[in-house]
Every structure is written in structure tokens, then in C-alpha cells.
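For reference, the structure is listed below as C-alpha cells.
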Amino acid sequence: MSFENINFSKEELARYNRHIIIPEFGLEAQQKLKASKVLVIGSGGLGSPVLLYLAAAGVGTIGIVDFDVVDDSNLQRQVLFGINEIGKPKVEAAKRRLESLNPHVKFNIYNTHLNSQNALDIIKDYDVIADGTDNFPTRYLVNDASVLLNKPNVYASIFQFEGQVSVFNYTDKNGETGPNYRDLYPVPPPPGLVPSCAEGGVLGVLPGIIGSLQALEVIKIITGVGETLSGRFFIFDALNFETRTFNIKRRDDNPINGKNPTIKELIDYEQFCGMKAVEEKPIREITVRELYDWQVVGKKFQLIDVREPHEHNIVSIGGKLIPLATVVNNADKIDKDIDVVVLCKSGVRSRKAIRELEEKFGYKNLYNLKGGIIAYIDEVQPELTKY
Amino acid sequence: MATVIIPTPLRKFTNNTARLEVKAGNIHDTIRELTTNFPDLKKHLLNEKGEVRSFVNIFIGNDDIRNLQQEKTAVKEDTVISIIPAIAGGSPDQP
């Protein structure tokens with residue numbers, strides 16, 4: 001990354017004045033920012049503050065990877081977006097917002113799922129990676145791709161009231177490379193064991209705090225100002241307002257860059273995280289139209305709603321409320337003799353409930369409502385409240 | 001007594017208690033004491049063989065027990081033990 005020949009227009013000098021006058025930062029650090037290319041993976045809760053601050057700070061080129069579209073439930077924390085962007089691809093909405101914030105930055109957008117086929121190709125052109133994704137397969141994918149391409153990976157993750165930040169695979173001035181995600185967590189939790197999104201959620205301001213720390217570390221890596229979080233692992237507990245910073249080290253048994261690496265190229269991360277094994281056995285499904293037909297003809301069946309009580313209070317299409325976490329303990333309330341339709345918001349939790357009931361109690365009469373209550377509202381009862 | 005800080009995702013298994021005091025003299029016994037007092041914690045902390053799960057990190061003070069004496073690492077009166085499970089969220093939406 002050569003920065004000596006980087007020049008600024010009068011407008012840029014005025015814009016970045018408060019950076020340039022910091023003695024430890026100066027014009028040189030600002031030149032380094034403009035010369036740098038940063039890839040932000042995920043433009044949601046964490047990606048929003050990361051992108052806003054990196055664009056404002058004057059990073060020269062910013063890549064944005066996201067496959068999603070803006071949803072009204074995003075706006076509680078994804079401060080990049082407004083109501084006018086609902087339904088639009090996040091990367092396009094983000095680019096528009098960020099260009100209006102700083103026209104001196106070049107944006108590359110990737111409206112796609114990052115996967116083993118495209119990751120190396122996308123990541124290779126960038127100097128620093130900021131990982132703000134929301135699932136384990138992509139976490140390991142980003143980690144491994146960063147290690148294989150020798151890129152620093154600024155990691156942040158959040159859950160409910162807790163945030164984590166670190167700098168992985170950072171090579172310091174002496175050529176020493178710090179730990180990566182696999183040194184910290186060698187293998188992912190099997191699906192279903194960590195509290196799922198169904199019991200999850202996140203306080204909207206938390207990704208604002210944690211994402212801002214992530215942006216800070218990106219800027220420190222690029223400019224060489226200060227000490228990065230490499231070799232350290234930062235935890236923020238927003239409930240008790242406690243912060244802890246742990247020391248982490250590289251491990252000899254790290255499969256990607258330990259003593260005897262076994263991973264030499266990107267692998268199948270869905271399989272690695274146990275996702276595919278879970279999906280192998282098919283689950284019987286019913287569409288919302290079929291459910292409606294059953295209701296119209298008066299077919300005898302039981303409807304089980306595995307959402308949380310607060311969601312049930314917002315909208316319900318009848319049925320017995322048994323939240324996912326309590327399904328096993330309430331199996332005696334679920335009929336074994338007639339057809340049973342299980343529903344949740346979009347059909348993910350109800351699949352889990354069916355899987356558990358089939359495995360533990362041998363149910364053979366359970367149907368997953370495809371698309372959940374949201375699909376039912378869209379196609380059958382649009383007058384109901386969506387959330 | 002040593003203090004164990006329970007991460008927010010696991011507090012629902014400890015009656016929403018964030019800090020627990022333990023009498024144990026090392027990490028192995030600390031985990032047993034926790035899982036005896038709060039049986040629902042067990043499957044989240046230990047695998048089928050009774051080993052600490054590899055996606056759960058345990059720190060004594062600021063240091064990872066894997067860089068100390070693993071589960072044999074001694075716990076003193078003023079030790080603060082942190083349990084830090086892997087979390088993946090960036091922007092979780094309720095599916």
C-alpha cells in the first residue's frame with residue numbers, strides 16, 4: 001500500500017482537517033486511509049456504523065458484501081437505512097447513503113452471499129477485512145479466506161447484550177502474525193446448542209457501540225497509529241456495563257496456520273458447521289394455501305404456534321402457543337393421532353420444533369407451515385398485522 | 001470464594017444471575033460445582049465425554065486456561081473466572 005503520492009483536493013483537506021491536526025495522526029495517516037481498500041462483509045447492525053465511520057474517515061475504497069434487502073425490522077439498529085429503502089438491496093441502499101456522506105470514496109458493491117466459490121476472489125483486492133456477518137459458517141469462511149490471503153480480519157460479534165471484538169491474523173511491524181478465529185474457537189457449536197435467534201434478538205444500540213470499535217481497529221491497522229487488538233479479545237456486557245480484555249495466543253493445533261495445517265483451501269462451511277447434516281432428513285411441509293383449504297373444508301387438525309408470547313400478542317392465527325424452548329416439555333399437549341401443523345414467524349423455528357419432536361418422541365404427523373405466519377398474512381389474511 | 005461471570009446467553013440457566021461464587025479449588029471442580037447447582041448449564045459447557053466444549057472459552061483473570069494448566073488451573077479466593085461462548089451475531093433477525 002503506497003501512500004506517499006496520495007494528494008488531497010481543497011475540499012478533502014477541509015473535510016479531514018480534524019484528523020490531520022491530531023499530532024499522532026497527521027496528513028500521513030490520512031494519506032494511508034485514502035490509499036487503503038477495506039472490505040466490509042455484512043451491512044447490517046455492525047456493518048452500518050463500520051461503513052458510516054470508514055466512509056466519513058476517508059478510506060479510499062470500500063467494498064460492501066451483502067445479499068439481503070432492507071426490511072422494516074432492520075431499522076431498529078441498522079442506521080444506514082431509512083424507510084425509503086425498505087425492500088431495496090442493502091448494498092445499493094448503503095452505497096447511496098454513503099456516497100451522500102462522502103463523495104471522495106469509491107464503493108464496490110457485491111450483492112451476493114459470500115461463499116467458498118467467490119470469497120477469495122472478492123477478498124483478494126482488499127487490504128483489511130471487517131467481518132460483521134451473523135452466522136458461524138460465514139465467520140469461519142471469512143477467517144480462513146483472510147488467513148489464506150494473509151489479510152487482517154477485524155472481527156466483531158454481538159448477541160442480545162453482549163459484544164465481542166478482536167483483530168485476527170494481523171501481521172505486526174516485526175512480521176509476527178497474531179491469532180485468528182480458529183485459535184480462539186477451533187470448532188463451531190453444533191446447530192441448536194447455542195441460543196438461537198428465536199430466543200435471541202439484540203439491543204439496537206449495541207451493534208452501534210461494537211461496530212464503532214470495529215471501525216476504530218480498521219483505522220488503526222491502516223494508519224499504524226496506536227496498538228491494535230491483535231492478540232487480545234474484547235468483551236462488552238452492556239447489561240452490567242462491564243468490559244473485559246483477554247489475552248489470546250496462536251495455537252500449534254490451529255488447522256489453518258498451526259504447526260501442521262490441514263486446511264489448504266476453502267472448505268464447505270455449511271457442512272463444517274453441521275448445517276447440512278441437519279437438513280438431510282426432509283420435513284413434511286404444508287403451504288399457507290393448503291392450510292387455508294384445510295380450514296375452509298373444516299378438516300380436523302391441530303395448530304401449534306412455537307413463537308414467543310410477545311409475538312403471539314402482536315398477531316396470531318389461532319392454535320396453541322408452545323414456544324420452541326418449551327416444546328419438549330409440553331409434548332403431551334401435541335396430538336399424535338391427527339395431523340398437526342406447526343408454525344412460527346417464517347418457518348425456521350417450527351422446523352426445529354418438528355425435528356426435536358420427531359427425534360425424541362417419534363411423531364409422524366407433523367407438518368411445517370412453509371413461510372410461517374408471515375406467508376399466511378401475505379397470502380391469506382393481508383389485513384393482519386405483520387412484524 | 002472465587003467469582004464466575006456467566007455470559008448473557010447462559011444466564012437463563014442460572015436464574016439470570018451474572019456472577020456466581022464458587023468454593024472449588026480448580027477449573028475442573030468449578031465447572032462441576034456450576035453444573036451441579038445449575039444442571040441446565042451442563043450441556044452448554046461440557047460435551048458427552050464431560051470435557052469443556054471447544055466453542056466455550058474459559059479465562060482466569062485475563063488469560064485463557066488453554067494457555068495455563070487447562071482444567072487443572074488453580075482457582076484462588078480472589079480469582080475471577082469468565083466463561084465466553086462463541087457468538088456469531090452481526091445482525092440477527094428472528095426467523
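Every number here is computed from the coordinates shown, using simple stated rules; none is lab data. Computed from a prediction, not measured in an experiment: that's the story for all the values here. Here Cβ is always computed from backbone atoms with ideal geometry, including for glycine, and neighbour counts include all displayed protein chains.
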Practice task
Quick one: compute the contact order of chain A, relative version, from alpha carbon pairs under 8 angstrom and 6+ residues apart, as a percent.
Solution key: 13
Exercise for the section: Find the eigenvalues of the gyration tensor of the Cα atoms of the protein assembly as shown, then list the square roots of 5 times those eigenvalues as equivalent ellipsoid semi-axes, largest first, in whole angstrom. Expected result: 40, 31, 19
Practice task
Hey, can you grab everything whose amide H is under 5 Å from the amide H of residue A:171? Only 5+ residues off in sequence or another chain; H modelled, so Pro and N-termini drop out.
Solution key: A:178
Problem - Counted charge near residue A:57, where neighbours are those whose Cβ lies closer than 13 Å (Asp, Glu -1; Lys, Arg +1) - result: +3
Exercise for the section: Collect residues whose amide H, placed 1.01 Å from N in the peptide plane, falls under 5 Å from the amide H of residue A:304; neighbours closer than 5 in sequence don't count. Expected result: A:320, A:341, A:342, A:343
Completion exercise
Sorted by chain and number, the residues with a modelled amide H under 5 Å from that of residue B:64, at a separation of 5 or more or across chains, are A:247
Exercise for the section: Alpha carbons only, please: Rg and Dmax for region A:120-161, in angstrom. Expected result: 10.7, 35
Handout entry: Mean Cα-pair separation over length for region B:2-85, i.e. relative contact order, pairs under 8 Å, 6 or more apart, %
Key = 40
Practice task
For region A:197-350, build the convex hull from the C-alpha positions and give me its volume per residue in Å³.
Solution key: 227
Practice task
Any lysines with Cα under 28 Å of the residue A:299 Cα? List them, leaving off those in the same chain fewer than 8 positions away.
Solution key: A:281, A:320, A:333, A:336, A:345, A:352, A:360, A:364, A:370, A:386
Problem - Ratio Rg/Rh, restricted to region B:2-85 and using Cα atoms, in which Rh is the Kirkwood radius - result: 0.91
Problem - Of A:32/A:124; A:249/B:76; A:151/A:259; B:42/B:72, pairs whose Cα-Cα distance is over 22 Å - result: A:249/B:76
Handout entry: Dipole of the protein assembly as shown, positive end: most advanced residue of A:204, A:214, A:346 [Cβ charges, Cα centre]
Key = A:214
Completion exercise
Residue-ordered couplings for region A:54-70, obtained by feeding phi - 60° into the Karplus form 6.51 cos²θ - 1.76 cosθ + 1.60 and rounding to whole Hz (Gly and Pro as x), are 5, 5, 4, 6, x, 4, x, 10, 10, x, 10, 10, 6, 9, 8, 10, 6
Practice task
Please name whichever of A:82, A:38, A:273 sits farthest to the positive end of the charge dipole of the protein assembly as shown, dipole taken about the Cα centre and charges placed at Cβ: Lys and Arg +1, Asp and Glu -1.
Solution key: A:273
Completion exercise
For region A:115-124, in residue order, the Karplus 3J(HN,Hα) values (coefficients 6.51, -1.76, 1.60; θ = phi - 60°; whole Hz; Gly and Pro = x) are 9, 4, 7, 9, 4, 4, 5, 6, 6, 4
Fill in the blank from the handout: Cβ density ranking, 10 Å radius, fewest first, applied to A:218, A:147, A:315 yields A:315, A:147, A:218
Problem - Antiparallel content of DSSP bridges confined to chain A, in %, to 5 - result: 40
Completion exercise
Within 10 Å of the Cβ of an average residue in A:237-245, the count of other chain Cβ atoms is 3
Fill in the blank from the handout: Going residue by residue through region A:77-94, the Karplus relation 6.51 cos²θ - 1.76 cosθ + 1.60 with θ = phi - 60° gives ³J(HN,Hα) values, rounded to whole Hz and with x marking Gly or Pro, of 9, 8, 6, 6, 10, x, 5, 6, 9, 4, x, 8, x, 4, 4, 6, 5, 5
